[in-house]
Amino acid sequence: MIQVCLLLISYLLFLLLFYILVVFLENELIYGQQFPISDEALSADFVLPIGKGKIEREGKHITLASYSIGVKTCLEAAKELEQSGIDCEVC
């Protein structure tokens, strides 16, 4: 799984050198799973600002954006890419 993710990230890095690329993916493996959530997000008057994401990991070379269980995969990929000298931001 990590090798496939790294291959996809390498391909996306290549595309980002020549194009502005945005990819949105959904994974049905997350259905039925529970994740921790902050008290702030559970508040009745919580508003999620449009165009902003929660930064899970700071980085300067590339940003990996995901949600739910995909964030875990991005954090793992960022850790492996760090060994190659690529500093990934994960949000």
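The values are calculated or read from the model by the stated rules, or taken from the named source; none is laboratory data. On a predicted model such as this, the values are computed, not experimentally measured, just so you know. Don't worry about glycine lacking a Cβ; one is built from the backbone with ideal geometry, like all the others, and counts go over all protein chains shown.
Quick check on my filter: what residues within region 31-72 are touching a residue at least 12 places away in the same chain (Cβ under 8 Å), of a type in the set (A, V, I, L, M) and in a helix (DSSP H, G or I)?
Selection gives 69, 71.
Test residue 30 against the criterion of being over 15 Å from residue 90 (Cα atoms) and surrounded by 11 or more Cβ atoms within 10 Å (Cβ to Cβ), and give yes or no. Quick ask: steps written out before the conclusion?
Details: over 15 Å from residue 90 (Cα atoms): yes; surrounded by 11 or more Cβ atoms within 10 Å (Cβ to Cβ): yes.
Answer is yes for this residue.
Inspect all residues belonging to region 10-22 and state whether any of them is at pLDDT below 75, among the hydroxyl-bearing types (Ser, Thr, Tyr), farther than 22 Å from residue 85 by Cβ and loosely packed, with under 10 Cβ neighbours inside 10 Å.
Yes, the conditions are met somewhere in region 10-22.
Of all the residues that make up region 60-83, how many are on the phi > 0 side of the Ramachandran plot and modelled with pLDDT of 90 or more?
Here is the first cut: in region 60-83, the residues on the phi > 0 side of the Ramachandran plot are 68.
When the remaining residues are screened for being modelled with pLDDT of 90 or more, the result is none.
The number of residues fulfilling the criteria is 0.
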